[in-house]
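The values are calculated or read from the model by the stated rules, or taken from the named source; none is laboratory data. Bear in mind the structure is a predicted one, so any value in this text is a computation, not a measurement. Because the Cβ atoms are built from the backbone with ideal geometry, glycine has one as well, and the counts that use them run over all protein chains shown.
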Amino acid sequence: MVLGSSTRLTLTGFHLSWSTRIEAGVDAATRAGHWTSSYGTRALVVVGDRHARASGLLAQLLGDLAAAGVAVELFEGVPPNPSVAVVEAGAQLARAWRADVVVGLGGGSVLDVAKAIAVRAVEHAPEDATYRRHLSGLRDASLLVTAALPVVAIPTLPGSGSETSGTSVITDDESGRKLSATSDLAEPRLAIIDPLLAIDAPMSLLGVGLVDAFCHALEAGLSSRATIASDALAEQALRLLQRHALVLTVAKSTREQRLEALLGAWWGSELAGQALTLAGSIVTHPLAHPLSGRFDAPHGAAVAALEPAVLAVLGDRWRDGGGMSKVANWLDVRGFSDHDTALRGVLAKLQRFAVKLDVTRGARELGLVANAVQPVVRDARASGSRGLANVPGGEPSAEELLAILDLARAVEPSADVRDLLHARRTAAARG
């Protein structure tokens, strides 16, 4: 907050819950067995369908667990957009194996499933109940999570922040919608962040996660539920991501420089995830979930494809409160106190970050064809996501959501910011 800017000072209370222990550093993952053994001796290890095994990371983890005296049952093959059926299969295996700890090794989807399994494996529910009853838009208001197995989260890529949150994003098999479930008890007991696990990852994987993290921080700052606590986290996240993530795009950087940059960017993504947990997302994430759910688009790529259009269509909502100027200040935009300058600057900074990290696939390239626009809007509005209302003025109308998707289809993320805003003004003039 800079005195003299147009941002309003508000006396708003806040909460902060961060119960996950974090062990971060080079070679931290080699102690996974030692740390896991303090939470249990029978582990269900949850991994994806290829990378963990092909890279040798799974073999290393299994060896570490065995050396620490932890017996293992493997749940392998979690897909990028996991469904309730996947959670149910994992929970059934966890119960049969009598697991007393769940270890997740992989990206955000794997960790989300690990947390969901930890809840479902100990839940005493009617025989016909499934994890579906925990999902947003479907859950009973009186339904509470009363217990969960301890979770050890070992992310293999930065970005999602799933390793320190109690939220799982899971696809409802019946409707095909990506929905979320959140509980403090599902938060991992331990997150192990080891940049060596991602040092050889291609930019095609690293980029989408880091852009997603950038958008987490951006949306937390713009959320109408933002507080001084979430703002502090979001601001530092954006600064860390800009400082460290772009080092990864420098061809001449040494291995040591890349490891340091990865650890710095990873911490930025953690702070962004915590900021998002506190303040909530805005419209972008509720729209991105059906885009990735319907067309199997990578989540980070879907967010990156939609974020510029969201800001262009809804940008004026932040004019009176100064929210856009606040975020522009964090991003070191010159003239940030003027709303229009701030909006252009934020869009330009987001675009530069995404282009540098080679995250430039547009909404059409991700599968958003013309006849899918209406279903995506319906899915978003039916999701029960609070993010739809986390903008000044409340939940956008169906017409505004359609305008966002139409603009995202019409203008590529790498297009000049002036072209994006011009397209928005032209579309608005046409009615």
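Structure summary
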item: Qualifying positions in the range 240-285 - surrounded by fewer than 19 Cβ atoms within 10 Å (Cβ to Cβ) and in a loop (DSSP other than H, G, I, E, B); result: Val250, Ala251, Lys252, Ser253, Thr254
item: Positions within the range 367-416 being within 20 Å of the chain's Cα centre (by Cα), at pLDDT 90 or above and farther than 17 Å from His289 by Cα, in sequence order; result: Val391
item: Check on Asp379, assigned to a helix (DSSP H, G or I), more than 20 Å from Trp318 (Cα to Cα) and assigned by TED's automatic domain parsing to the domain that holds His289; result: yes
item: Some residue of the range 95-103 being crowded, with 19+ Cβ neighbours inside 10 Å, more than 20 Å from Ser165 (Cα to Cα), more than 24 Å from the chain's Cα centre (by Cα) and not basic (Lys, Arg); result: yes
item: Residue check for His216: surrounded by 20 or more Cβ atoms within 10 Å (Cβ to Cβ) and free of Cβ contacts under 8 Å to residues at least 40 places away in the same chain; result: no
item: Total residues in the range 33-52, condition surrounded by 17 or more Cβ atoms within 10 Å (Cβ to Cβ) and out of contact with any strand residue (DSSP E or B) (no Cβ under 6 Å at 6 or more places or on another chain); result: 3
item: Qualifying positions in the range 286-304 - among the hydrophobic types (A, V, I, L, M, F, W, C) and either more than 22 Å from Ser383 (Cα to Cα) or buried (at least 21 other Cβ atoms within 10 Å of the Cβ) (or both); result: Leu287, Ala288, Leu291, Ala297, Ala301, Ala302, Val303, Ala304
item: Hits in the range 328-364 (condition: part of a helix (DSSP H, G or I), surrounded by fewer than 17 Cβ atoms within 10 Å (Cβ to Cβ) and in contact with a Lys or Arg (Cβ under 9 Å, 6 or more places away or on another chain)); result: Asp340, Thr341
item: Helices (runs of 4 or more DSSP H) fully within the range 47-162 counting 3 or more residues that are among the β-branched types (Val, Ile, Thr) and not assigned by TED's automatic domain parsing to the domain that holds Gly384; result: 84-97, 108-120
item: Unique match (being in contact with an Asp or Glu (Cβ under 9 Å, 6 or more places away or on another chain), outside the structural domain of Ser55 (by TED's automatic domain parsing) and in contact (Cβ under 8 Å) with a residue 12 or more places away in the chain) among Ala226, Ala234, Ala198, Ala245; result: Ala234
item: Ala217 vs. criteria within 22 Å of Ala301 (Cβ to Cβ), modelled with pLDDT under 95 and either in the same structural domain as Thr360 (by TED's automatic domain parsing) or not hydrophobic (A, V, I, L, M, F, W, C) (or both); result: no
item: Leading residue by the ranking (nearest to Ala29 (Cα to Cα)) among those in the range 162-188 that are crowded, with 19+ Cβ neighbours inside 10 Å and either out of contact with any helix residue (DSSP H, G or I) (no Cβ under 9 Å at 6 or more places or on another chain) or acidic (Asp, Glu) (or both); result: Glu163
item: The listed residue being among the hydrophobic types (A, V, I, L, M, F, W, C), closer than 17 Å to His216 by Cβ and touching a residue at least 40 places away in the same chain (Cβ under 8 Å), out of Ala354, Ala372; result: Ala354
item: Meets criteria (at pLDDT 95 or above, more than 13 Å from the chain's Cα centre (by Cα), under 17 Å from Gly161 (Cα atoms) and among the aliphatic types (A, V, I, L, M)) for Leu238; result: yes
item: Hits in the range 396-408 (condition: of a type outside the set (S, T, N, Q), out of contact with any Lys or Arg (no Cβ under 8 Å at 6 or more places or on another chain) and free of Cβ contacts under 8 Å to residues at least 60 places away in the same chain); result: Glu399, Leu402, Asp406
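Residues are listed down the side, and each one gets a yes or a no for (1) within 16 Å of the chain's Cα centre (by Cα); (2) at pLDDT below 85; (3) under 20 Å from Pro298 (Cα atoms); (4) not β-branched (Val, Ile, Thr):
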{"position": "Ala121", "(1), (2), (3), (4)": "no, no, no, yes"}
{"position": "Ala125", "(1), (2), (3), (4)": "no, yes, no, yes"}
{"position": "Asp128", "(1), (2), (3), (4)": "no, yes, no, yes"}
{"position": "Leu138", "(1), (2), (3), (4)": "no, yes, no, yes"}
{"position": "Ala141", "(1), (2), (3), (4)": "no, yes, no, yes"}
{"position": "Leu144", "(1), (2), (3), (4)": "no, yes, no, yes"}
{"position": "Ala153", "(1), (2), (3), (4)": "yes, no, no, yes"}
{"position": "Glu187", "(1), (2), (3), (4)": "yes, no, no, yes"}
